[in-house]
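Visitor: If you scroll down you'll find the structure; I have some questions about it.
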Number of protein chains: 2
Amino acid sequence: MKKIAIGIDIGGTNTAFGAVDEEGCVCAESNLSTRRYPLLDDYPDYVADLTAAIRTLLGSLPFPFETAGIGIGAPNGNYRTGAIEQPVNLWKFRPGEIDRDERRRIFPLADELSAAFDGIPVRMTNDANASTIGEMIFGNARGMRDFIVVTLGTGLGSGFVANGELVCGHDGFAGELGHVVVEPGGRCCGCGRRGCLETYVSATGICRTALELMAELNEPSTLRGIAPQELDARMISEAAEAGDPIAVECFRRTGERLGRALADAVTITSPEAILLFGGLAKAGAKLFDPTRAAMEAHMMYPFRNKVKLLPSGIRATNAAIPGAAALIWKELRG
Amino acid sequence: MKKIAIGIDIGGTNTAFGAVDEEGCVCAESNLSTRRYPLLDDYPDYVADLTAAIRTLLGSLPFPFETAGIGIGAPNGNYRTGAIEQPVNLWKFRPGEIDRDERRRIFPLADELSAAFDGIPVRMTNDANASTIGEMIFGNARGMRDFIVVTLGTGLGSGFVANGELVCGHDGFAGELGHVVVEPGGRCCGCGRRGCLETYVSATGICRTALELMAELNEPSTLRGIAPQELDARMISEAAEAGDPIAVECFRRTGERLGRALADAVTITSPEAILLFGGLAKAGAKLFDPTRAAMEAHMMYPFRNKVKLLPSGIRATNAAIPGAAALIWKELRG
């Protein structure tokens, strides 16, 4: 009988999930608005509605199957405990709530879904780590035992694999490359510190760089006609495609920052390859070329010209769904 | 019968080796001058003399024993291949040598020693990684599955353990924390680049900081009476002990640099503990206090006040010998 795993990708806006087979094909998918359940008190309803929606999806599959397990990628998802721990944008305290004890904001979703589905295996990790396992099982890191995945979305996430295993760390939260400080005293970061890599290299980071460049340089640019709050990474990408000098320099500096940070990461874990994943990575050569150039220029000699810089190899519309499901396939394959 | 493993620590000046039991006790030790074999052509003699010296040591043991294997810690020692690859200070080309093909400077010592000793297991890694395994088997990282060891000697070495396994990387050379760039365009490093951590945090790095401080500050200092080429880390440590303001500030800045770099390393691998090892670490609270303070001050919030900063737990005179032998005990224990 065909085996499937459920992959769930929990974002602040939307929860996407699907039934994924052992080859990484998404047989069916659906979603639930995460935003409809904003408060701590809404969480039980979220779990009940997600459970029902998964049952509906499974009921719609037009072939006989066996469910091997559920994999979850979630912000602050802890691989060690299976809980979403103190997520910044999910299930917040009610405004004016008096008991703001953060220990109340630990959401043991893996155990809860396992109980709802007759004790099947449920594994959780953060979204970047789920993409990392996805690349190892279905994508461009197949057969690799030492690699890094960098996800370039609103922020910068990452997953490190060493000796064929995800580096989760003692507390389950390893892999926060986006919060390595690359510019002491630099741009304010959502984490409360300054100069983190993701404030420069991410969809939001590249917009900040565009503003900085419009302040610094005199070149004309179509970006000067866009209000900063309307500006997004895609506009910068399109302007760069059209030869806009500010937008072109914007990608060059973003790649330069990323390349330097990757050279440092390589000295620590010495990967076979680094995969760039997510919206900003779709800019292709505009990002990859300056990143590769800066990485090699700043690389320590034993590692030079060895490390491949690759795009994602996952072709699903929502790559996070097979990524989350891969947590289960990885475990079953040992 | 008592089992022993031979631990070998190869340095540019001296090769120290000993017979180590399963508890990490060094039953007997000896050494061979590495410096007496400076050239590529001297390498076969080095292997022959080392083999003979190990036989003599084994012959001197006053109890019946079984040799489980040989562990080697060596600069540029590659865990994957068992070879010392292009070491900077060992077995160099003869001055004026015409064929300077670096591929000739790969020394497969693990295979050679295994052949000399009836095919017993021989494992090799670099000196910092050997110390790391030593801490895991015999020292302050016993029972830990995720930790970092930083060795503060002439340079700064490191070993990362994730999921209970040493992170060796794709090419066997992972763990070069000393060559993360902490100051772009900063101090010249032996690796040919600028601003590497070890140019600030190491026995030589702290001497450079002392010179910088004597230039920057007006405070009197006993260090002002010492010629720069005579200055060493121990003098700075003794001066700091005596309250010398330049020397005290020197340790503070060294700890500050190290603490910031450790905070970044923690965001990547999220260790349970970081162990500081080697000469400079013996300065104790003078180094540990500012390091811990800077690490916590620059730590991303999920990791704050979680990571232990510990001294080495290996009490042998030459900790590198049990460290190298631990490569064998680690493997036998699985």
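Visitor: Can you name the condition, by its number, that B:Glu198 falls short on among (1) open to solvent by less than 20 Å² (accessible area, probe 1.4 Å); (2) of a type outside the set (Ser, Thr, Tyr); (3) more than 7 Å from every other protein chain (Cβ to nearest Cβ)?
Guide: (1)
Visitor: B:Gly134: touching a strand residue (DSSP E or B) at 6+ places or on another chain (Cβ under 9 Å), at pLDDT below 95 and farther than 22 Å from B:Ala83 by Cα, yes or no?
Guide: no
Visitor: Please verify whether region A:35-55 includes one or more residues that are part of a loop (DSSP other than H, G, I, E, B) and in contact (Cβ under 8 Å) with a residue 24 or more places away in the chain.
Guide: Yes, region A:35-55 contains a residue that is part of a loop (DSSP other than H, G, I, E, B) and in contact (Cβ under 8 Å) with a residue 24 or more places away in the chain.
Visitor: Among the residues of region B:147-171, what is the count of those that are within 11 Å of the chain's Cα centre (by Cα) and open to solvent by 10 Å² or more (accessible area, probe 1.4 Å)? Walk me through it before giving the result.
Guide: Initial filter on region B:147-171 (within 11 Å of the chain's Cα centre (by Cα)): B:149-159.
Retained after the next criterion (residues that are open to solvent by 10 Å² or more (accessible area, probe 1.4 Å)): B:151, B:153-155, B:157.
Residues meeting the conditions: 5.
Visitor: Is it true that some residue in region B:243-258 is of a type outside the set (Ser, Thr, Tyr) and in contact (Cβ under 8 Å) with a residue 60 or more places away in the chain?
Guide: Taking region B:243-258 first, the residues of a type outside the set (Ser, Thr, Tyr) are B:243-253, B:255-258.
Filter once more, keeping what is in contact (Cβ under 8 Å) with a residue 60 or more places away in the chain: B:257-258.
Yes; the residues of region B:243-258 include at least one that is of a type outside the set (Ser, Thr, Tyr) and in contact (Cβ under 8 Å) with a residue 60 or more places away in the chain.
Visitor: Right, another one. Does B:Gly205 satisfy being open to solvent by less than 10 Å² (accessible area, probe 1.4 Å) and either within 30 Å of A:Glu296 (Cβ to Cβ) or at the interface with chain A (Cβ under 8 Å from one of its Cβ atoms) (or both)?
Guide: Judged against the criteria, B:Gly205 is a match.
Visitor: Go through region A:138-189 and count every residue that is away from every other protein chain (no Cβ under 11 Å) and of a type in the set (Ser, Thr, Tyr).
Guide: 2
Visitor: Considering only residues that are within 19 Å of the chain's Cα centre (by Cα) and either surrounded by fewer than 21 Cβ atoms within 10 Å (Cβ to Cβ) or touching a residue at least 24 places away in the same chain (Cβ under 8 Å) (or both), which ones fall in region A:172-185?
Guide: Answer for region A:172-185, where residues must be within 19 Å of the chain's Cα centre (by Cα) and either surrounded by fewer than 21 Cβ atoms within 10 Å (Cβ to Cβ) or touching a residue at least 24 places away in the same chain (Cβ under 8 Å) (or both): A:Gly172, A:Phe173, A:Gly175, A:Leu177, A:Gly178, A:Val180.
Visitor: Do you know which residues across region B:36-56 are surrounded by fewer than 18 Cβ atoms within 10 Å (Cβ to Cβ), touching a Ser or Thr at 6+ places or on another chain (Cβ under 8 Å) and among the aliphatic types (A, V, I, L, M)?
Guide: B:Ala53 - this is the single residue of region B:36-56 that is surrounded by fewer than 18 Cβ atoms within 10 Å (Cβ to Cβ), touching a Ser or Thr at 6+ places or on another chain (Cβ under 8 Å) and among the aliphatic types (A, V, I, L, M).
Visitor: Please state which one of B:Leu90, B:Leu113 is more than 14 Å from chain A (Cβ to nearest Cβ), farther than 17 Å from B:Ile6 by Cα and open to solvent by less than 10 Å² (accessible area, probe 1.4 Å).
Guide: Working: B:Leu113 fails: farther than 17 Å from B:Ile6 by Cα.
Unique residue meeting the criteria: B:Leu90.
Visitor: Cβ contacts < 6 Å: first residue away from chain B (no Cβ under 14 Å) and over 21 Å from B:Ile268 (Cα atoms), restricted to region A:267-285; second residue among the hydrophobic types (A, V, I, L, M, F, W, C) and part of a helix (DSSP H, G or I), any location; separation 6+ or different chain. Result?
Guide: Hits for this filter: A:Gly279/A:Ala203; A:Leu280/A:Ala203; A:Leu280/A:Ala233.
Visitor: Do you know which residues across region B:56-104 are of a type in the set (Val, Ile, Thr) and either assigned to a strand (DSSP E or B) or touching a residue at least 60 places away in the same chain (Cβ under 8 Å) (or both)?
Guide: Step one: list which residues in region B:56-104 are of a type in the set (Val, Ile, Thr), which gives B:56, B:67, B:70, B:72, B:81, B:84, B:88, B:98.
Once the filter is applied, which keeps residues that are of a type in the set (Val, Ile, Thr) and either assigned to a strand (DSSP E or B) or touching a residue at least 60 places away in the same chain (Cβ under 8 Å) (or both), region B:56-104 yields B:Thr67, B:Ile70, B:Ile72, B:Thr81, B:Ile84, B:Val88.
The values are calculated or read from the model by the stated rules, or taken from the named source; none is laboratory data. Fair warning: this is a prediction, and the values are worked out from it, not measured in the lab. As a convention, Cβ positions derive from the backbone with ideal geometry for all residues, glycine included, and neighbour counts pool all protein chains shown. Protein only, heavy atoms only, side chains kept; ligands, DNA and RNA dropped before computing areas. Shrake-Rupley method; radii C 1.70, N 1.55, O 1.52, S 1.80 Å.
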